[in-house]
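Take a look at the structure below.
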Amino acid sequence: MPAFDIVVVGSGGGLDETNLSGYLVKPSNQSWDDGIIALEAGSGHGALKHIMKRNPDIFGEPSADENPSKKRTPFEIYANVKCFLLTHAHLDHISSLVMSAGTLGGSSKRIYGSPQTLKDLEGIFADRVWPRLATYDETNRSFRLFYHALYADGKYKTVFPDVAVRTMTISHGKNDSGPYECACFFIKHLPTQHEFLFFGDVEPDSVAVKPRNITVWRAAAPKIPHDLSAVFIECSYLAGRPTEALWGHLSPEHLVQEMITLATEVVLARQALQVGGMGKAKAKAKAGVSASASGLRPRKKQKRDPVPAEALHGVLTGLRVYIMHCKEHFSTDRPISHVIGDQCREMLAPHKLGLELLTADQGMKMVV
């Protein structure tokens with residue numbers, strides 16, 4: 001059952017500064033007027049103005065008690081934002097929040113992010129790059145933006161009525177200080193327990209100093225596809241880009257490998273569920289006589305047998321994977337996201353995983 005409505009304010013990763021990461025989210029059973037989660041804040045009011053000009057009713061028609069001639073404005077939409085949810089503080093993910101921080105309408109708003117993300121934002125809202133427009137002190141009513149840290153502690157944190165978020169740490173390349181940490185979010189609709197998975201910028205585990213994607217896939221695998229049927233993940237570059245030039249991002253070759261890893265984890269999760277269903281006694285019998293009963297030393301933990309390629313066929317049926325953060329270079333006749341999407345689909349086809357690969361395009365409205 002679909003749980004969330006999403007409007008894509010922006011989905012690119014540069015160079016086009018009019019199309020940067022920004023998504024407006026609400027529970028499907030609520031109105032946009034009831035409140036909105038701003039997931040990332042690269043593009044904002046300006047991009048939304050052009051989207052609403054092309055599609056004036058993207059947020060629905062006016063209610064019966066409203067003047068039918070009155071049209072919603074980007075300012076009114078962002079006034080309904082109750083919180084910002086940020087994966088990291090790179091400019092293409094926060095620029096509209098920074099620019100609009102002093103003029104946002106509506107009630108006060110929380111900025112959710114990892115402690116490091118909020119620390120980075122503090123460096124911007126520090127009366128040098130930009131005025132100090134946010135604080136941790138929610139009792140200080142001279143501010144309207146309040147930092148609120150999310151921790152990768154395995155728990156879900158309620159950030160909005162009926163919506164809770166689990167934060168996990170992922171790797172976005174490295175700099176002089178070491179690995180650059182980013183976040184991904186499991187965003188759950190509490191009444192239905194349905195959720196979607198949203199990645200910040202991420203590099204492949206195959207090249208990461210600290211591989212972390214595998215932990216995310218293992219957390220997601222038992223939920224696919226009934227409780228988790230949509231994944232938003234970046235694929236910044238065209239196929240063929242050298243590994244050393246990925247700069248903490250994915251290309252189609254690496255995206256495909258990540259999907260194979262996810263499918264493998266889904267197979268293993270389903271196998272574990274079947275074994276669990278046999279009961280503890282049967283599971284022990286199948287594993288062999290216990291060391292204490294046999295007088296033998298406990299076995300060393302064995303490596304899991306590899307899952308054959310044929311066992312992955314159709315495993316991700318029912319899962320939609322939206323690629324985003326494609327970097328526009330204005331060198332193709334079609335949008336770069338569509339070119340990268342075609343490359344991904346072509347490379348995925350031989351593996352027959354069953355997933356549906358889509359592109360998150362600016363101006364799109366989707367239900368997940």
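The values are calculated or read from the model by the stated rules, or taken from the named source; none is laboratory data. Since this is a predicted model, take the numbers as computed values, not measurements. Cβ sites come from the backbone with ideal geometry, for glycine too, and all protein chains shown count toward neighbours. Protein only, heavy atoms only, side chains kept; ligands, DNA and RNA dropped before computing areas. Shrake-Rupley method; radii C 1.70, N 1.55, O 1.52, S 1.80 Å.
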Discussion item. Is it the case, given these coordinates, that LEU15 is hydrophobic (A, V, I, L, M, F, W, C), open to solvent by 10 Å² or more (accessible area, probe 1.4 Å) and modelled with pLDDT under 95?
Written reply: yes
Worksheet item: So, in region 315-368, of the ones that are among the small types (Gly, Ala, Ser), part of a loop (DSSP other than H, G, I, E, B) and within 24 Å of GLU203 (Cβ to Cβ), which residue ends up least open to solvent (accessible area, probe 1.4 Å)?
Response: ALA360
Practice prompt. Restrict the check to region 213-223 and report whether at least one residue is open to solvent by less than 70 Å² (accessible area, probe 1.4 Å), closer than 24 Å to CYS344 by Cα, touching a residue at least 60 places away in the same chain (Cβ under 8 Å) and not hydroxyl-bearing (Ser, Thr, Tyr).
Written response: no
Worksheet item: On the given criteria, is VAL202 assigned to a loop (DSSP other than H, G, I, E, B), hydrophobic (A, V, I, L, M, F, W, C) and either touching a residue at least 12 places away in the same chain (Cβ under 8 Å) or surrounded by fewer than 16 Cβ atoms within 10 Å (Cβ to Cβ) (or both)?
Response: yes
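For region 182-198, which residues satisfy the criterion of being over 16 Å from ILE37 (Cα atoms) and surrounded by 20 or more Cβ atoms within 10 Å (Cβ to Cβ)?
Of the residues in region 182-198, the ones over 16 Å from ILE37 (Cα atoms) are 182-183, 191-194.
Selection gives CYS182, ALA183, HIS194.
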Practice prompt. Kindly check whether there is at least one residue in region 71-93 that is at pLDDT below 95 and surrounded by fewer than 22 Cβ atoms within 10 Å (Cβ to Cβ).
Written response: yes
Worksheet, complete the sentence: Those residues of region 6-27 which are farther than 22 Å from SER107 by Cα and of a type in the set (Gly, Ala, Ser) amount to GLY10, SER11, GLY12, GLY13, GLY14, SER21
Worksheet, complete the sentence: Taking region 114-131 and keeping only residues that are more than 16 Å from PHE143 (Cα to Cα) and either outside any helix (DSSP H, G or I) or of a type in the set (Gly, Ala, Ser) (or both), one is left with SER114, GLY123, ARG128, VAL129
Worksheet, complete the sentence: Residues of region 234-250 being part of a loop (DSSP other than H, G, I, E, B) and of a type in the set (Ser, Thr, Tyr), in sequence order, are SER236, TYR237
Discussion item. Give me the residue from region 34-58 that is open to solvent by 10 Å² or more (accessible area, probe 1.4 Å) and touching a helix residue (DSSP H, G or I) at 6+ places or on another chain (Cβ under 9 Å) and, out of that set, farthest from PRO335 (Cα to Cα).
Written reply: HIS45
Practice prompt. With respect to ALA149, determine if the residue is small (Gly, Ala, Ser), within 30 Å of ILE233 (Cα to Cα) and either touching a Phe, Trp or Tyr at 6+ places or on another chain (Cβ under 9 Å) or open to solvent by less than 10 Å² (accessible area, probe 1.4 Å) (or both).
Written response: yes
Worksheet, complete the sentence: SER21 passes all but one of the listed conditions (1) under 30 Å from TYR156 (Cα atoms); (2) open to solvent by 10 Å² or more (accessible area, probe 1.4 Å); (3) out of contact with any Leu (no Cβ under 8 Å at 6 or more places or on another chain); the exception is number (2)
Worksheet, complete the sentence: Residue pairs qualifying under the 8 Å Cβ cut-off, at least six apart or on distinct chains, with the first in region 69-89 being closer than 28 Å to HIS172 by Cα and the second being open to solvent by 10 Å² or more (accessible area, probe 1.4 Å) and among the charged types (D, E, K, R), are LYS82/ARG110; CYS83/ARG110; PHE84/ARG110; HIS88/ASP120; HIS88/GLU181; ALA89/ASP120
Practice prompt. Could you figure out which of (1) within 18 Å of MET99 (Cβ to Cβ); (2) in a strand (DSSP E or B); (3) open to solvent by 10 Å² or more (accessible area, probe 1.4 Å) isn't true of ASP5?
Written response: (1)
Worksheet item: So is ALA183 in a helix (DSSP H, G or I) and at pLDDT 95 or above or not?
Response: no
Worksheet item: Within region 75-93, is even one residue more than 23 Å from GLY14 (Cα to Cα), in contact with a helix residue (DSSP H, G or I) (Cβ under 8 Å, 6 or more places away or on another chain) and part of a loop (DSSP other than H, G, I, E, B)?
Response: yes
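Given the residues HIS88, HIS45, HIS93, which is the only one that is over 30 Å from LEU238 (Cβ atoms) and in contact with a Ser or Thr (Cβ under 7 Å, 6 or more places away or on another chain)?
On the way: HIS88 fails: over 30 Å from LEU238 (Cβ atoms); HIS93 fails: over 30 Å from LEU238 (Cβ atoms).
Residue meeting the stated conditions: HIS45.
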Discussion item. Among the residues in region 130-141, are any open to solvent by 80 Å² or more (accessible area, probe 1.4 Å) and either aromatic (Phe, Trp, Tyr) or in contact with a Lys or Arg (Cβ under 7 Å, 6 or more places away or on another chain) (or both)?
Written reply: yes
